[in-house]
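Below is one structure; the comments refer to it alone.
Just so it is clear, none of the values below were taken in a lab; they were calculated from the coordinates. Everything quoted here is computed from the prediction, not taken from an experiment.
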Amino acid sequence: MILLILASLALGAIQTYYYGGAAYGFDGFDQPSRFSSFVAAQQYAAFLVCFIAVLLWQPELSVTLRSTLGLVVLAALALNGSRIWFLGAVAVVIVHSWFSSRRILGLAALGASTVALGGMLILSVGRIDGVEITDSSNRILATATAVVTGVDTPNSVGLRDLSFRSRMYTGVFEDLRGSETWQILLGHGTSSGGSVALRIFPETYKPSQIDANRVIHNEWLRAFYEWGVVGLCLLAASLFSLPLGIMVQLKNAQWKRNAPVVLAFFPAFLASLSTENVLAGAGNAVTMSLALIIALLWTPATGAKQTNA
């Protein structure tokens, strides 16, 4: 795990600072480059939150190593700027504090992480005039400031993506309101969400280039629009069977140690489905992060004795 974390951070540094984020951290010429490895920036953020969860629940690692790596991963997450996965990281820390056998230590870790990450966010800002951030490389802080003050950066670092999603979701709901009953129940068909994007953003999307499986940017809404109530219920049942199954197995001594890791990461995973279409492609960094967390359920407990054959 340590080698995986170090290698992932190294690849992120190479892609971001050597290649200048030309392919995977690039959000437009008017937007700051985001810290990312050779995968989409939003997906890389999922990997970072996965690393935070792993480090919090590995007591066999030294405190110094866990703290150092944790701060580096938090810094990478701040530079990445994913807002939904930032909230996911906060959820992971809160759940860890709740499950911690030493509540005082857990609360101290929560406070230290909050202060450390807050300091990193502030350091990532170029200059502040009054309440207006004039040059921010961090979308998390830019978004928080824009929401509180109503003033975004000149290049709309904070609210640009939120405005896009708002228009997209409004268009989908408009189509749903005009749909027939059978379409509400069974959906409009797989990839039909692309037609909504073509209608709302004709200047941005072209029929020959659009990725209809990812354009809605909300897996729940996509399932409802394309597969109807039936498909949405099937998706929810398949996803929520995981935490329910884990809670049933909490009495299992082997699972009891790492089950909270999955339960801590799962809310962030569910939240990511509300902003991206991560299920459209198998084996991406988001689903691999969840698979890695689940694999921890089968790792032996610390100090477990091995029997000789």
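Evaluating 6.51 cos²θ - 1.76 cosθ + 1.60 at θ = phi - 60° for every residue in the range 220-230, the Karplus couplings come out as 5, 5, 4, 4, 5, 6, 8, 10, x, 4, 4 Hz, glycine and proline recorded as x. Each residue of the range 181-194 is assigned a 3J(HN,Hα), and the resulting list reads 4, 5, 6, 5, 7, 10, x, 9, x, 4, 6, 5, x, x Hz, derived from the Karplus form 6.51 cos²θ - 1.76 cosθ + 1.60 (θ = phi - 60°), x at Gly and Pro. Near the amide H of SER36, within less than 5 Å, lie the amide hydrogens of THR16, all on another chain or at least 5 residues away, with H placed in the peptide plane.
Evaluating 6.51 cos²θ - 1.76 cosθ + 1.60 at θ = phi - 60° for every residue in the range 160-165, the Karplus couplings come out as 4, 5, 5, 5, 4, 5 Hz, glycine and proline recorded as x.
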